[in-house]
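Step one of this worksheet: look at the structure below.
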Amino acid sequence: MATYHSTRSRIEALSAKQAIRRGIAPDGGLYVSDELGERRIDLAGLASKGYLELAREVLGLLLPDYPADEIAACVDEAYGDTFASPEVTPLVKLAGESMDAQALPSYVLELWHGPTSAFKDVALQMLPRLMARTNAADEGAADKIMIVTATSGDTGKAALAGFADAPGCGITVFYPEGKVSRVQELQMSTQEGANVSVCAVRGNFDDAQSAVKRIFADRELAARLAASGVQLSSANSINVGRLVPQVVYYFAAYAQLLREGAVEAGDAVEFCVPTGNFGDILAGYYAKRLGLPVAKLIVASDKNNVLFDFLTTGAYDRERPFYTTTSPSMDILISSNLERMLYYLADGDCELVARLMDELAGGRYTVPADLLARIQEVFGCGWADEDEVAAAIKDCWERHGYLIDPHTACGYHALQQVAAAPDARARVVLSTASPYKFPRAVASSLGLFCPPDDFACMQVLEKATGTCAPTQLSELREKPVLHDAVVDIDGMGAFVEAASAKL
């Protein structure tokens, strides 16, 4: 049975259920298993498997202390009827002129057919089900769990949708005031649920995420909450239960390529992933460790290109200007999941990871040259500034008749920047959000008139492109705002404590 421990030490060994329930290790590290890749997914017969079967297989490998019947129940509840596409994450070929000099077929993996129109739904429809099944396994654990999450835009709503009114759970979501799209803000501020708390924070996402980590490390707060039967956990991708379900859609993409005849079993595929916190692309690395033939994983950044600089030079420097862009879910300077990647590619060197994270607390670290070389064998990188994002949205529409949001546009642009790996037989861009979550940015990129109201922008976009806004987005206009709290960074802990008292 796989055991989990911190990226920064092996002092404590936990089951998958315990790691999911805790969310983050007491020393600030993230939970990892040294058995990742010891068992692999058999590519033979992959083409015949649908999403739910693949999910059962992948989760069964990565979370082995969950019995098969529990995994099956979680999968059915998460994906049985909550996604608009029967494929859950459908693969769409970009028609028309190839955007690749080697004329490789290019595809978009649509990850936004869930209830909040963002890729976070794939994991956050699963995490509450996994969390609910930890109770019996953790003797002596607190009766209730308070999920505390900072969001740069999409995680918050997806977590709220997954955990709203979940038995034995509460959820508190913090988002940076004025630094998410109007649609994203309304998705959170209108969320119903007796166990739900939402609060804007004066600061950026990195400020909020760092404060959440301090809340988890606050032993006095933990003791007070424990006295009232409450334990903190996380829904960010720092929680391994959030990360693991994302591995599935890489195998689902490959299965769809096999069914289409675009590749044969064993052919390598390249994935280009818009990412800020490194969780979405780390799931691709997990898939590679489980046997998926991945030629290269391309990290696509926006103007906050700290990951591009790190992957190019080996120096991670968070002391740099922070930009608010049209791709707010990627406006991040501290990429938490990079720590897991460092652990695996440093061959499990906890001391090195702990030292690098200590150095990052001071603003900067540099990895050894041999580690950088191993990282660059797996990961490529590209980035787009705001003009390039707008140009990518326009180019994708004019060249392929396909509408993308600003985050996906970063991936689309990066794919053209980075030459294909020699062994790649197809290239896939992960599309992380519906373009209608960012109607103003998308309509403006197409040269359309943008009314002051975002919902009027949706209508302009629908008329001009012949596409339709997801109902759950267009209906936000009519919903009442239920959450309007705003706090400073140093007030977040008190807000969590007050929210926990209501459980």
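The numbers here are math on the coordinates, done by the rules we state, and not lab data. Everything quoted here is computed from the prediction, not taken from an experiment. All Cβ positions, even for glycine, are placed from backbone atoms using ideal geometry, and neighbour counts span all protein chains on display.
Results, tabulated for the structure shown:
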{"item": "Candidates per GluC sites (Glu not before Pro) in segment 11-80, loop by DSSP, up to 11 other Cβ within 10 Å", "result": "Glu38"}
{"item": "Helical mean residue ellipticity (222 nm; -39500 (n - 2.57) per DSSP H run of 4+; nearest 500) of the chain", "result": "-12500 deg cm²/dmol"}
{"item": "Relative contact order, percent, segment 263-342 [alpha-carbon distance under 8 Å, six or more residues apart]", "result": "35"}
{"item": "Entries of Lys17/Lys502; Lys288/Lys479; Lys49/Lys303; Lys157/Lys463; Lys296/Lys437; Lys213/Lys437 with Cα pairs more than 31 Å apart", "result": "Lys288/Lys479; Lys49/Lys303"}
{"item": "Nearest-20 debye value, the chain charge dipole, Cβ charges on Lys, Arg, Asp, Glu", "result": "260"}
{"item": "Segment 328-450, dipole about Cα centre (Lys/Arg Cβ +1, Asp/Glu Cβ -1), debye to the nearest 20", "result": "480"}
{"item": "Potential lengthening between Ala485 and Ser9 on full extension [0.36 nm per residue; Cα-Cα distance subtracted]", "result": "167.6 nm"}
{"item": "Charge context of Arg8, other residues only, Cβ under 12 angstrom, K/R +1, D/E -1", "result": "-3"}
{"item": "Qualifying GluC sites (Glu not before Pro) for segment 257-358 [loop in DSSP, other Cβ within 10 Å: at most 15]", "result": "Glu264, Glu319"}
{"item": "Relative contact order for the chain, counting Cα pairs under 8 Å that sit 6 or more residues apart, in percent", "result": "20"}
{"item": "Neighbour cut-off at most 11 other Cβ (10 Å), DSSP loop, trypsin sites (Lys or Arg not before Pro), segment 37-131", "result": "Arg40"}
{"item": "11 Å beta-carbon shell around Gly203, net charge (K/R +1, D/E -1)", "result": "-3"}
{"item": "Cα centre as origin, Lys/Arg/Asp/Glu Cβ charges: segment 329-380 dipole, Debye", "result": "100"}
{"item": "Whole-Å distance, taken between Cα centres, linking segment 238-271 and segment 52-78", "result": "17"}
{"item": "At R0 = 25 Å, FRET efficiency that the Cβ-Cβ distance of Leu36 and Ala369 yields, to 0.05", "result": "0.50"}
{"item": "Formal net charge of residues neighbouring Arg40 (Cβ-Cβ distance under 14 Å; K, R +1; D, E -1)", "result": "-1"}
